[in-house]
1. Quick one: how many lysine pairs in the chain have C-alpha atoms under 17 angstrom apart, if they're 8 or more apart or on different chains?
2. Given H placed on each backbone N at 1.01 Å, which residues far from residue 404 in sequence or on other chains put an amide H within less than 5 Å of it?
3. Accessible area of residue 404, 1.4 Å probe, to the nearest 10 Å²?
4. Report the residue, chosen from 209, 286, 238, that carries the largest GNM mean-square fluctuation when the chain is represented by alpha-carbon nodes joined by springs under 10 Å.
5. Give the peptides 8-20, 292-304, 224-236 in descending order of average Cβ contacts within 10 Å, highest first.
6. For the stretch 267-327 and the stretch 115-137, compute the distance between their C-alpha centroids and round to whole Å.
7. Among 152, 124, 172, whose Cα lies farthest out toward the positive end of the dipole of the stretch 77-309, if unit charges sit on the beta carbon of Lys, Arg (+1) and Asp, Glu (-1)?
8. Given charges of +1 on the Cβ of Lys and Arg and -1 on the Cβ of Asp and Glu, with all other atoms neutral, how large is the dipole of the chain about its Cα centre, in debye to the nearest 20?
Amino acid sequence: ADVAYLRSVLPSTTDDAFFDYLATLDASEVTVTAIPEGSVVFARVPFLQVKGPLLVVQLLETTLLCLVNYASLVATNAARFRLLAGPDMKLMEMGLRRAQGPDGALSASKYSYIGGFDCTSNILAGKLYGIPVRGTIAHSFVMSFRCLEEVQPRELLPRAGGDPVDLAALAVSWLQRVCDLLQTPPGKANQGELAAFVSYAVTFPCDFQGLLDTYCVRRSGLPNFCAVALALHQLGYQAIGVRLDSGDLARQSKEIRGVFRACGTHFQVPWFETIPIAVSNDISEQSLEEFRREGSEIDMIGIGTNLVTCPLQPSLGCVYKLVEVNGSPCLKLTEDEEKMTIPGMKMIYRLYDAAGHPFMDLMALEEEPSPSAGQELGIRVLGRLGETAKVIPTAVELLHRTYFRDGQVCEPLPSLPEVRTHAQVSLNLLSPAHRQLHEPQPYPV
């Protein structure tokens, strides 16, 4: 069917023998070597090399670039967020509604996880890839309730057993006590919001969470949440968190933590002081820098638009270039030095210093002898090819592995968690000077 379609769109003068040849194509003569998935790769370093009949390897160009460009871009973007957030912050990918279509959304979920995110709100990505899934309640859910009479059912069995309890009535009694503590009028707390929280708590007593900013955080969302959480506590359950989706997130998180601590101390509920606080709302790299600069009590960050659409760099310029034909090296010459190709099939080595950090990637032709630890090497750095320098690596790592040969995958492919772990290890090996996001020290190749 593919050959028939090509016959219909190519010029009518195309030789029939060409279509006969296309019908015989297979990948048995193709060999693919690559730097392992999840590795840090620097500019100008070929991270994937393909050998085979010219027509066959040319057919692979668009497919391979489609597969690696967006994947590398999103994983890198996610890694930047992870570096800014630090190792202890929980990061949730929630970009499904902003991504470039369903395929883009699934890819973004997968590669955000590789880049260091902890979970996704994309349930299909969880099903297909095993990524942990998390979510929070929606504003529309909270707004759909008007009064406590709408809550059905409203009774909840105590966790330790016993007779069912009217959770709505219990929450109302706790609301008065919370408002007295916070010195805020109970009448300012939105009854529809309280009803939504009670309804959610009856359904998910072990996973109760609150969205605090549908109406007013201080006068409504926060006292309503505390009232329902304390009512649940009286029945043996423990709330799992809150989310903020607007306003000054860092400042509000500190205010909310203060209220949680006050409730925990006043009502003698120690776990209340450590209820996790999640935030969302167009979180960007700049947002994370502000959180760190101002200080916050945020435990989880949900990031969507600025993660999956990569606005700081909407595309990655990976290219696929011919470097050798029948043993003869090929070189593309251009006035733009960055677009000049580097001829010949290459071996890629990563050189490490005494502290265990990579300090240079070395490209050498296949026939050249491999460098070794402790050996003095004469090198020329890209961008300064007129100069020769000497380096002595403490350790040397060959980066490329052969993954496909004779029509078969010849190396076990890692699982998604293994790739994610490898990505974090690769990033952590970089020296701080190379890893910093603002004005990093250039990494030589």
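1. Details: 51/321; 51/346; 90/110; 110/127; 321/332; 321/339; 321/346; 332/346.
Lysine pairs satisfying the spacing and distance rule in the chain number 8.
2. Counting only residues 5 or more places away or on other chains, the set is 32, 410.
3. Around 50 Å² of this residue is reachable by solvent.
4. Checking each option, the largest mean-square fluctuation is seen for 286.
5. Numbers: 8-20: 8.8, 292-304: 18.8, 224-236: 24.4.
Output ranking for 8-20, 292-304, 224-236: 224-236, 292-304, 8-20.
6. 15 Å
7. The residue sitting farthest along the positive end of the dipole is 124.
8. Values: 37 positive and 49 negative charges, 239 e Å.
Dipole magnitude for the chain comes out near 1140 debye.
The values are calculated or read from the model by the stated rules, or taken from the named source; none is laboratory data. Everything numeric in this text was worked out from a predicted model, so none of it was measured. Cβ: placed from backbone, ideal geometry, glycine included. Neighbour counts: every protein chain shown. To get the accessible areas, we keep the full protein, side chains included, count just its heavy atoms, and leave off ligands, DNA and RNA. Shrake-Rupley method; radii C 1.70, N 1.55, O 1.52, S 1.80 Å.
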